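The values are calculated or read from the model by the stated rules, or taken from the named source; none is laboratory data. In this text the structure is predicted, and so the values were computed from the model without any measurement. Glycine gets a Cβ as well: all are built from the backbone with ideal geometry, and neighbour counts include every protein chain shown.
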């Protein structure tokens, strides 16, 4: 169930949704009860026949579908945080695999008792909801619609315009009208909280019988962790390979050239008996000095690739610096009420950098735009351009 706002008073819209859920649950409860009784009866009757097992498997899958309809209705109207159970997926192909999966479907078996218990609960919820709300609203507004009632006469011939109990008792005097109105106002919270309690019982049944079990939740959580760990390992391996390639092709090549130039210069200086060629030696030292500076630039760019220092000033400043050096004119729109974490900022920065590089290289665009919007602890990054487009997921595609 969704939590109440401060003060404990439920929003009016939620009251409407609970009443709508009680009304919609009534026919759904009747249908589910009839289906569950028929499934149990037919399954027990044909269990020993050749069609018994396939029929029972189909009935269990149908019970799962009806339970899923109730769960989705509760999630949509009430905001009930009940996650979906594991989907129905036969492990083996063919009819035999489908039948075995249907007979072993714990979700379908758990849906049967829910459909049986749903019927009396939905019946009580529907009747109580209609009775209490109609009585409460009718009594609270009694003073407004009482004058439109037909004129009635008591045993003495006096005319009365109001609700009657028997032939001589009419609710048409000021004290009685006020009493009816006060009673209606008192019944309004009674109706609200009565319906809420019944609906909450239904949600508890859904959570206990239609939601995933603790074992399945643990299994799913372990699978998610395994996928996350595998993705993290792959990303780390790719990052290490990129760093190794950049070091090998960039800084290492510069340092090797510098070492060679310095070695040749040393040999020139160490020559005995010959005049030192200062111009040649100066040229070699200048080349070594240039290689050192280029190696430093390579290492600095590599360090920036790991974590750009300008990100310490925030994503907005980092993107301003990035787009200033872009080959395309870039319009930037950033709306971040709260600063994201360092990891999110780094991911967003490199995504924008890669997409802008692709746009400048392939799109033949005249300008690009970047939009970063943060809402509800989510950051949405959009990079676009006015180029040709035409990305294709195939060999040679964009």
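The residues of segment 285-301 that are crowded, with 16+ Cβ neighbours inside 10 Å and either modelled with pLDDT under 70 or more than 30 Å from residue 245 (Cα to Cα) (or both) amount to a single one, 298. Between 247, 269, the distinction of being at pLDDT below 70 and loosely packed, with under 14 Cβ neighbours inside 10 Å belongs to 269 only.
What do you reckon, is residue 342 modelled with pLDDT of 85 or more, touching a helix residue (DSSP H, G or I) at 6+ places or on another chain (Cβ under 8 Å) and under 20 Å from residue 239 (Cα atoms)? When the stated conditions are applied, residue 342 does not pass them.
Kindly state which helices (runs of 4 or more DSSP H) lie completely within segment 73-158 and contain at least 3 residues that are more than 30 Å from residue 192 (Cβ to Cβ).
94-103, 106-140
Got at least one residue in segment 58-73 being farther than 21 Å from residue 116 by Cα and free of Cβ contacts under 8 Å to residues at least 40 places away in the same chain? No, segment 58-73 contains no residue that is farther than 21 Å from residue 116 by Cα and free of Cβ contacts under 8 Å to residues at least 40 places away in the same chain. Only one entry in 38, 44, 101 is modelled with pLDDT under 85, more than 20 Å from residue 208 (Cα to Cα) and surrounded by fewer than 18 Cβ atoms within 10 Å (Cβ to Cβ), namely 44.
Here are the criteria: (1) part of a loop (DSSP other than H, G, I, E, B); (2) in contact with a helix residue (DSSP H, G or I) (Cβ under 8 Å, 6 or more places away or on another chain); (3) exposed (fewer than 15 other Cβ atoms within 10 Å of the Cβ). Tell me which single one residue 317 does not satisfy. (1) is the only condition that residue 317 fails.
Taking residue 86 as the residue in question, decide whether it is assigned by TED's automatic domain parsing to the domain that holds residue 19, touching a residue at least 12 places away in the same chain (Cβ under 8 Å), closer than 29 Å to residue 23 by Cα and surrounded by fewer than 17 Cβ atoms within 10 Å (Cβ to Cβ). Taking the combined requirement at face value, the residue satisfies it.
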